[in-house]
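Everything on this sheet refers to the single structure shown next.
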Amino acid sequence: MMTPFRNEPFTDFSKPDNKAAFEGALQRVESELGLHYPLVIGGMRIATSRTLASINPSFFEQVVGQVSLADQELADRAVRTAASAFESWKKTGAGARARLLYKAAAILRRRKHEFSAWLVYEAGKTWPEADADTAEAIDFMAFYGREMERLAVPRPLAPIDGEHNELTYLPLGVGLVIPPWNFPLAILAGMTAASIVAGNTVVLKPASPTPVIAAKFVQLLEEAGLPPGVVNYVPGPGSEIGDYLVEHPLTRFVAFTGSKEVGLRINERAARVAPGQRWIKRVIAEMGGKDAIIVDGDSDPETAADAITASAFGYSGQKCSACSRAIIHEKAYDDVLSRVIEKTKRLTVGNARNLSTSIGPVIDIHAYEKILSYIELGGAEGRIAQGGRPGNPKGYFIEPTIIADVDSRARISQEEIFGPVVAFTRASSFEQALAFANDTEYGLTGAVISSNREHLEQARQSFHVGNLYFNRKCTGALVGAHPFGGFDMSGTDSKAGGSDYLLLFMQAKVVSERM
């Protein structure tokens, strides 16, 4: 019997032993940079002539690793291999599948700093951000294992005299897992673990900027005892194999986290029935946000400033939950803005490898150029109150940027930037602030900083987001405590890390027997 689920604790890097251990992990990982990672299909390593270089965004002359790329023929082979493996994996008991996740979580826990170090190099995560990413991956596996054991018990049904009725959950089949680059371990582990513990098999197509950490996770699953073919590692260009995998007649479901544009494309293409397809494909999507923190007129300005600064600039704002809009009551606007500016000035932008770094790089040249273009636009739509400039040219560094006096309908108030940029908007009342916050096509996270109980209750009813926080930051959801997923163009409100998440990867069957 497993102990009750508890979240993996974060590492305290103020302790010399922890700091030394992490530094040692960084050095060991650095010695492995530049290695080649082949495809993994049915347990076989397949090297291809086409490769992709994964680059360290803190120092883009440094190659983290080279990965082989699949074409459509290999993508088809991966799907068919997963379909074959499904026939035996689906018959593996739920307890055995859960124990595999517990084993994988234990291995990851022992190698926590090593995996976090890979996140520092490949994803540009600072030490605390990388540590939190790895801790969340551990949490997902530990939590979903327990959830599968709970769901494996036949569900209670209304009794009928002379009849025995039983409801059980069955796996779906082959799943396509497409994780994001911003949480390339946690979300990858979560979507993959949910798929396989439910009895499905997986074709894993990692994000192009972060394929090495995905390869390391597949190796970890193999070390934990995962049979060949249950998870198949298939990097490749989205333009070549992405649509192909989504549309494949043997693909039963797609688990995706990423941009709205790609998520909508997946949803549209998954809805088409391919020749030979015998089911309606299921799409589990988390697609982004334009998240707001509302600051009420009678709130504590220091609490508000801390929440905005942490939510806007953690991991350079590259979180779908990041605060990209600060909507402030006019009575508190100037005070909160000045406090956030002062706190932002104290943030250190630099190489994520250094513990002293507060803000690391953005992920790649495409993000870098896009964010700088939005900052230029923000200078026209508002006033750049802090930051706005690129940093060290050896990496993709951008200063944390505050744009003040922005209209709620401005482009930088409506479009997802996905970078270290926050727009400040003045509201004349709490009701107007709430209206501004809801005036977006997204509905992922939000926060309200207020000491007014009536206003908090009003927000509880009317702030239309999947994850709403009071008097704290709008980032940092914890598995089990804050099931995560949003409304509208933020996705399918799949609530990762929640008690109903695994149901999305299964189907219910009822058997009735006359006694």
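Of Lys473, Lys509, which residue is in contact with a Ser or Thr (Cβ under 8 Å, 6 or more places away or on another chain), surrounded by fewer than 24 Cβ atoms within 10 Å (Cβ to Cβ), among the charged types (D, E, K, R) and assigned to a loop (DSSP other than H, G, I, E, B)? Residue meeting the stated conditions: Lys473. Regarding Ile328, is this residue among the β-branched types (Val, Ile, Thr), modelled with pLDDT of 95 or more, part of a strand (DSSP E or B) and in the same structural domain as Ala433 (by TED's automatic domain parsing)? Yes: the conditions hold for Ile328. For the residues Ser88, Ser54, the requirement of being closer than 30 Å to Leu250 by Cβ, in a strand (DSSP E or B) and of a type in the set (Ser, Thr, Tyr) singles out Ser54. Tell me, yes or no, whether segment 117-133 has at least one residue that is in a helix (DSSP H, G or I) and among the basic types (Lys, Arg). The answer is no; no qualifying residue exists.
Residue count for segment 484-502 under the criterion of being more than 14 Å from Thr192 (Cα to Cα) and touching a strand residue (DSSP E or B) at 6+ places or on another chain (Cβ under 9 Å): the result is 13.
Out of all the residues in segment 437-454, which are surrounded by fewer than 20 Cβ atoms within 10 Å (Cβ to Cβ) and either assigned to a strand (DSSP E or B) or touching a residue at least 40 places away in the same chain (Cβ under 8 Å) (or both)? Selection gives Glu441, Ser451, Asn452. Would you be able to say whether some residue in segment 277-299 is aromatic (Phe, Trp, Tyr), within 26 Å of the chain's Cα centre (by Cα) and modelled with pLDDT of 95 or more? Within segment 277-299, not a single residue is aromatic (Phe, Trp, Tyr), within 26 Å of the chain's Cα centre (by Cα) and modelled with pLDDT of 95 or more.
Rundown of residues vs (1) among the acidic types (Asp, Glu); (2) surrounded by 14 or more Cβ atoms within 10 Å (Cβ to Cβ); (3) more than 30 Å from Pro483 (Cβ to Cβ), yes/no style:
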position	(1), (2), (3)
Asn7	no, yes, no
Thr11	no, yes, no
Leu26	no, yes, yes
Tyr37	no, yes, yes
Val40	no, yes, yes
Leu52	no, yes, yes
Thr81	no, yes, yes
Ala85	no, yes, no
Gly93	no, no, no
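Selection within segment 485-503: residues that are within 17 Å of the chain's Cα centre (by Cα) and part of a helix (DSSP H, G or I). The member of this set that is nearest to Ala437 (Cα to Cα) is Tyr501.
For the residues Tyr144, Tyr121, the requirement of being more than 30 Å from Ser356 (Cβ to Cβ) and touching a residue at least 24 places away in the same chain (Cβ under 8 Å) singles out Tyr144. Figure legend. Inter-residue proximity from segment 202-225: first residues touching a residue at least 40 places away in the same chain (Cβ under 8 Å), second residues polar (S, T, N, Q) and not in a helix (DSSP H, G or I), beta-carbon distance below 8 Å, spacing 6+ or different chains. Indicated pairs: Val202/Asn232; Val203/Asn232; Val203/Thr251; Pro209/Ser54; Thr210/Ser54; Pro211/Ser54; Val212/Ser54. Out of segment 1-33, which residues are of a type in the set (A, V, I, L, M), in a loop (DSSP other than H, G, I, E, B) and without any contact (Cβ under 8 Å) to a residue 60 or more places away in the chain? Listed by number, the list holds a single entry, Met1. None of Asp439, Asp407 is modelled with pLDDT of 95 or more and within 25 Å of the chain's Cα centre (by Cα) except Asp439.
The values are calculated or read from the model by the stated rules, or taken from the named source; none is laboratory data. As the structure is a computational prediction, the values presented were derived from the model and not from experiment. A quick note on method: Cβ atoms are made from the backbone with ideal geometry, for glycine too, and the neighbour counts reach across all protein chains shown.
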